[in-house]
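A.B. asks: Please read through the structure below; I'll follow up with questions.
The values are calculated or read from the model by the stated rules, or taken from the named source; none is laboratory data. All values reported here derive from a predicted model rather than from experimental measurement. Here the Cβ positions follow ideal geometry from the backbone for every residue, glycine too, while neighbour counts run over all protein chains shown.
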Amino acid sequence: MNRITMGRSLAVACLLPAAILVVLEACSSTDAGAGADGLPGNEADTSDGRGARDAASGKGERPGNDGGTTSPANDAAPGDSGTDAAPSHERRFLCINGAGVDGAGGRDSGGNPWFEELCNGLGKGLVQACQGSTCYATFAFETVSNPSRNALIAALDTNHDGRVTPADTPFDLVLLGYSWGGTNVRDLANWMTTDEHFDAERRAVSRMIAIDPYRPGATMDIPANVGQFVEYRHSVAPSGDCSLITLGSVVVSGPYLGLTPRCKAPTVCTDYDYSLGGKTFFPGAFTPGKGYIGSAVDHCGVVNVAASAIKPLLAGTTFSPLPPTVPVATY
Ligand SMILES: [Ca+2]
């Protein structure tokens, strides 16, 4: 399996309106805090170590979380909820990353390297994003075209007749998305509900995992063909949030806070909010011994802490500490 090089400096691994990409590329040069390994925030226990931006603190607004901490209905959700594969099913994973700044739109500009690393570690069943002979663990965020859709069909159409039907190998599909890619995987699941390539029996998504899903103007309404939805987000930007872009004292963009999800009744949904975690220390999956307290989790570091929880989730084991949950509304 090919791996992307982690040596690039992460700027803002998130979503960025195209119009400001150029501006943000310029901003990214100030990101001296990214270490030689290119991973953001790996010094932090209370701060992210990504280097200072001219970020004003506390600009984030809570997206409709009324201070709730847990939802009894959701408490039991994130473990193994019975959506695991029957023995004959194959688990398939597909990941879509956020919109990066570094490189301003090139494939390697991409998103958050920790998210690439998370998906690269999912093992058998990963639907890779291949360009020629080079493959990535994550698809780049999608705007106009949707290469993940053709790749998904190709991966699930095991008898190669062009459609995904009961004649193909049964699968449990797990979709993972970060930032802009979080909204993309939601769109991918929604597309599966009506696309003619899928028979009715094969439109289900076993599990969707979104880390700080966000793109301008989007909502995070989860379609009913998703069996389990788990979101890991931050709802309050800490000082120096990597997604808060300023020029001087002017806020150009961000901060990008995870969208509040809503679910249909059949979907088992859990909405984890690290910002509600206060002083609780959350370990980083990619920074051994280091992590963030809840209030210091930002749009880049949320991938690091969420990955610590996602790996056990997918393995069907427990993990602690998990951040507080927010009740999920239905629509
Ligand atoms: Ca087929």
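A.B. asks: Any residue at all in region 244-259 that is in a strand (DSSP E or B), over 15 Å from Leu94 (Cα atoms), of a type in the set (A, V, I, L, M, F, W, C) and within 16 Å of the ligand (Cβ to nearest atom)?
C.D. replies: No: zero hits.
A.B. asks: Could you tell me how many of the residues in region 302-323 are surrounded by 20 or more Cβ atoms within 10 Å (Cβ to Cβ), of a type outside the set (A, V, I, L, M) and either under 26 Å from Asp221 (Cβ atoms) or out of contact with any Phe, Trp or Tyr (no Cβ under 8 Å at 6 or more places or on another chain) (or both)?
C.D. replies: 1
A.B. asks: Go through region 232-262 and count every residue that is surrounded by fewer than 24 Cβ atoms within 10 Å (Cβ to Cβ), in contact with a Leu (Cβ under 8 Å, 6 or more places away or on another chain) and of a type in the set (D, E, K, R).
C.D. replies: 0
A.B. asks: For region 124-151: of the residues being surrounded by fewer than 19 Cβ atoms within 10 Å (Cβ to Cβ), among the small types (Gly, Ala, Ser) and at pLDDT 90 or above, which is nearest to the ligand (Cβ to nearest atom)?
C.D. replies: Once the filter is applied, the top-ranked residue is Ala151.
A.B. asks: In addition: Have a look at Glu201, Glu196 and point out the one that is on the phi < 0 side of the Ramachandran plot and part of a helix (DSSP H, G or I).
C.D. replies: Glu201
A.B. asks: Somewhere in region 112-119, is a residue crowded, with 24+ Cβ neighbours inside 10 Å and within 16 Å of the ligand (Cβ to nearest atom)?
C.D. replies: Looking through region 112-119, none of the residues is crowded, with 24+ Cβ neighbours inside 10 Å and within 16 Å of the ligand (Cβ to nearest atom).
A.B. asks: Now, a different point. Output yes when any residue across region 228-238 is in contact with a Ser or Thr (Cβ under 6 Å, 6 or more places away or on another chain), part of a strand (DSSP E or B) and modelled with pLDDT under 95, and no when none is.
C.D. replies: No, region 228-238 contains no residue that is in contact with a Ser or Thr (Cβ under 6 Å, 6 or more places away or on another chain), part of a strand (DSSP E or B) and modelled with pLDDT under 95.
A.B. asks: Output the number of residues of region 286-320 satisfying the condition of being over 20 Å from Pro238 (Cα atoms) and in contact (Cβ under 8 Å) with a residue 12 or more places away in the chain.
C.D. replies: So the answer is 9.
A.B. asks: Have a look at Ala210, Ala189, Ala154, Ala167 and point out the one that is within 16 Å of the ligand (Cβ to nearest atom), aliphatic (A, V, I, L, M) and either under 16 Å from the mean Cα position of the chain (by Cα) or assigned to a loop (DSSP other than H, G, I, E, B) (or both).
C.D. replies: One residue alone meets the criteria, Ala167.
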